[in-house]
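The values are calculated or read from the model by the stated rules, or taken from the named source; none is laboratory data. In this text the structure is predicted, and so the values were computed from the model without any measurement. Cβ coordinates were reconstructed from backbone atoms using ideal geometry, including for glycine residues, and neighbour counts include every protein chain displayed. Please note that ligands, DNA and RNA were not included when accessible areas were found on the heavy atoms of the full protein model with its side chains. Shrake-Rupley method; radii C 1.70, N 1.55, O 1.52, S 1.80 Å.
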Amino acid sequence: MPAATAFVPGHVTGFFAPAPDEDPARAGSRGGGVALSDGVTVTVEPGSGLTLGGAPTRIEPVERVLTALGVEARISCETPLPLGAGFGVSGAVTLGTALAATAAFGLERSENDLVGLAHRAEVESGTGLGDVVAQARGGLPLRTDAGAPGHGSLDGIPARSRVEYLSLGELSTADTLAGETDALATAGDRALSTVRETPTPAAFVAASRQFAESVDLLTDDLRSVLTAVDEAGGTASMAMLGETAFCLGTGLSAAGYDPSVCEIAATGARLIDVST
């Protein structure tokens, strides 16, 4: 039986500016984030159903991708990342499905075509605005113009670093994006301009923290964690959109927490196995 497996990095958004458009290929967000060596492994084969960590589930943008590709598939996903906590798991499963389904079913689609397909599915489902294009790139990506390949544009900060993260709970991406977004756009564009002027990992984390403070999304528990990191001499910020703290380096562990640890992903989404 044909099958294919893809790996897609997790993605933590540090700051973002929503960019709505009637065309989902042009919609999305500008902003900056970090792709993680912790990610999602997606295996696709003929059949039906979707499991995540062995549990049956439903992810709307995945269904949109399968419909667009014209295939019916069994999809099995594994990840160490917490769900609904700001790690782009929905985008990773969606992009991984597009890549692996194309290989498993012998479809003729380019990488940009598949990234665009997954991006549009996320936008139309209200589950993400910029994760997919960042996960396709890897590293420390800066989304300088919103949209899928052919519409948006990307830059990045060259860096290798330890990444620590500590998840306290879930926040609803759909609920946040359904509210008033003018303040998010203003703060996100300010943060992006700052980091483009000084494209360093330290500037990225500092701008992310300033963004998190200015848009009033910090919970009391999360603010306590960030303050403890400050007092330990580090800088951490909030993963957008989740009740999760992240830092580059050892800030969370230095503050006495027991965070999950990974690295900046050296590469973006990719096939890792194909069998026919």
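Of Glu164, Glu197, all but one fail to be among the charged types (D, E, K, R), touching a Cys at 6+ places or on another chain (Cβ under 8 Å) and modelled with pLDDT of 95 or more; the exception is Glu164. Taking residues in region 140-161 that are without any contact (Cβ under 8 Å) to a residue 40 or more places away in the chain, and partners anywhere that are among the polar types (S, T, N, Q) and assigned to a strand (DSSP E or B), the pairs with Cβ atoms closer than 7 Å and at least 6 places apart or on different chains are Ser153/Thr144; Leu154/Thr144. The number of residues in region 52-68 being open to solvent by less than 50 Å² (accessible area, probe 1.4 Å) and touching a strand residue (DSSP E or B) at 6+ places or on another chain (Cβ under 9 Å) comes to 4.
Given the criteria more than 21 Å from Ala266 (Cα to Cα) and modelled with pLDDT of 95 or more, does Val44 qualify? Against the criterion (more than 21 Å from Ala266 (Cα to Cα) and modelled with pLDDT of 95 or more), Val44 qualifies. Residues in region 79-109 that are under 20 Å from Val163 (Cα atoms) and not in a helix (DSSP H, G or I): Thr79, Pro80, Leu81, Pro82, Leu83, Gly84, Ala85, Gly86, Phe87, Gly88.
Quick one: would you say Gly33 is touching a Pro at 6+ places or on another chain (Cβ under 7 Å) and under 17 Å from Val93 (Cβ atoms)? Judged against the criteria, Gly33 is not a match. Looking only at region 228-260, residues that are closer than 29 Å to Arg30 by Cβ and either open to solvent by less than 60 Å² (accessible area, probe 1.4 Å) or touching an Asp or Glu at 6+ places or on another chain (Cβ under 6 Å) (or both) come to 20 in all. Selection of first residues in region 250-276 that are free of Cβ contacts under 8 Å to residues at least 40 places away in the same chain and over 17 Å from Phe87 (Cβ atoms) and of second residues that are part of a loop (DSSP other than H, G, I, E, B) and open to solvent by less than 70 Å² (accessible area, probe 1.4 Å), restricted to Cβ pairs under 6 Å at least 6 apart or on distinct chains, gives the following pairs, ordered by first then second residue: Ala254/Ala232; Ala254/Gly234; Ala255/Ala232.
Within region 63-114, being touching a residue at least 60 places away in the same chain (Cβ under 8 Å) and of a type in the set (Lys, Arg) holds for one residue alone: Arg64. Taken over region 230-241, the criterion of being among the aliphatic types (A, V, I, L, M), within 20 Å of Thr200 (Cα to Cα) and modelled with pLDDT of 95 or more is satisfied by Ala236, Met238, Ala239. Is one or more of the residues making up region 174-189 modelled with pLDDT of 95 or more, acidic (Asp, Glu) and touching a helix residue (DSSP H, G or I) at 6+ places or on another chain (Cβ under 8 Å)? No, region 174-189 contains no residue that is modelled with pLDDT of 95 or more, acidic (Asp, Glu) and touching a helix residue (DSSP H, G or I) at 6+ places or on another chain (Cβ under 8 Å). Restricting attention to region 111-151, the residues being open to solvent by 20 Å² or more (accessible area, probe 1.4 Å), under 18 Å from Thr267 (Cα atoms) and not in a helix (DSSP H, G or I) number 1.
Residues that are open to solvent by 20 Å² or more (accessible area, probe 1.4 Å), out of contact with any Leu (no Cβ under 7 Å at 6 or more places or on another chain) and over 23 Å from Leu241 (Cβ atoms) within region 84-110 comprise Phe105, Gly106, Glu108, Arg109, Ser110, listed in sequence order.
Tell me whether region 34-51 contains one or more residues that are assigned to a loop (DSSP other than H, G, I, E, B), free of Cβ contacts under 8 Å to residues at least 60 places away in the same chain and surrounded by 15 or more Cβ atoms within 10 Å (Cβ to Cβ). For region 34-51, residues assigned to a loop (DSSP other than H, G, I, E, B), free of Cβ contacts under 8 Å to residues at least 60 places away in the same chain and surrounded by 15 or more Cβ atoms within 10 Å (Cβ to Cβ): absent. Looking across region 67-124, just one residue is at positive phi, touching an Asp or Glu at 6+ places or on another chain (Cβ under 9 Å) and at pLDDT 95 or above, and that is Gly88.
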